[in-house]
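> The structure under discussion is supplied below as structure tokens; questions concerning it will follow.
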Amino acid sequence: MPIYRLTDEIIFPPPEYAEENGLLAVGGDLSEERLLLAYAMGIFPWYSEDSPILWWSPDPRLILIPEELKISRSLKQTIKKGIYEVTMDKAFAQVVINCAEVHRKKDGDTWITQDMLDAYRRLHDSGVAHSVESWYRGELSGGLYGVALGGAFFGESMFTRRTDASKVAFVNLVQYLVQRDFELIDCQVTTEHLMSFGAKKVPRSKFLEILRRALRRPTRRGIWGIPPSTYGVYER
């Protein structure tokens, strides 16, 4: 099946038209309107610095149902010790930059280009992109960011500079989403790390069905925050 080449018109082909590897379309831009349409259709951008914008909708899709989160015994102990202070939307740009730096150091390249950073900053400014930060003695030590629409959270990337820092941030995010009746965390592509938290692969058709249901909920725009007195160890 030929790859769909996007024009200036803000449209995408159906996700089912994607190639076997998940690649659906090439080109377009990273405007807020196009990005929000993409997420709502189960599509996300992922490309390197020396390539055009690539849009993906893989099959199967890795998802996490928030209520199905699994936490290892050792991670629960880390959380109980209160080693990290966790915040939300306190250092969005720093989290994205750190994600890019960590991936560049590890893989020699990153999909988080300057254009991507600028685009997600705009989404953050409009209240739909959010970050979760883990701080150790005042230093940003781990975190993650993504996009929230309706009852779905689309995870983009995470980083860690100290043991369990990003894991603690992730647990707090999931707990936050459970308390707000989110139905879905889109993990995009399969990793053993996320599967250890209870993420599972589902057919794209099933993912799209859950996504459509989740998007019936209203989108909560604005800054997210974690009241320290509310959040303890996730006991499930």
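> Being of a type outside the set (Lys, Arg), more than 19 Å from the chain's Cα centre (by Cα) and not assigned by TED's automatic domain parsing to the domain that holds HIS193 narrows it down to one of LEU30, LEU24, so name that one.
Being of a type outside the set (Lys, Arg), more than 19 Å from the chain's Cα centre (by Cα) and not assigned by TED's automatic domain parsing to the domain that holds HIS193 holds for just one of LEU30, LEU24, which is LEU24.
> Could you check ASP164 against (1) surrounded by fewer than 20 Cβ atoms within 10 Å (Cβ to Cβ); (2) charged (D, E, K, R); (3) on the phi > 0 side of the Ramachandran plot and say which number it fails?
(1)
> Every residue in the range 28-54 that is surrounded by 14 or more Cβ atoms within 10 Å (Cβ to Cβ) and in a helix (DSSP H, G or I), please.
GLU32, ARG34, LEU35, LEU36, LEU37, ALA38, TYR39, ALA40
> Continuing with the same structure: If the requirement is being of a type in the set (Val, Ile, Thr), touching a residue at least 12 places away in the same chain (Cβ under 8 Å), surrounded by 15 or more Cβ atoms within 10 Å (Cβ to Cβ) and under 18 Å from ILE83 (Cα atoms), which of these qualifies: VAL132, VAL178?
On inspection, the qualifying residue turns out to be VAL132.
> Separate question: I'm trying to understand the selection: among the residues of the range 60-76, which are crowded, with 19+ Cβ neighbours inside 10 Å and of a type in the set (D, E, K, R)?
ARG61
> For MET158, only one of the following conditions fails: (1) surrounded by fewer than 22 Cβ atoms within 10 Å (Cβ to Cβ); (2) in contact with a Cys (Cβ under 7 Å, 6 or more places away or on another chain); (3) in contact (Cβ under 8 Å) with a residue 40 or more places away in the chain. What is its number?
MET158 satisfies every listed condition except (1).
> Residue by residue through the range 136-155, note down the ones that are closer than 11 Å to VAL86 by Cα and surrounded by fewer than 23 Cβ atoms within 10 Å (Cβ to Cβ).
TYR136, GLY138, LEU140
The values are calculated or read from the model by the stated rules, or taken from the named source; none is laboratory data. Please read these numbers as outputs of a predicted model, since none were measured by experiment. Neighbour counts are summed over all protein chains in view; Cβ atoms, including those assigned to glycine, are modelled from backbone coordinates with ideal geometry.
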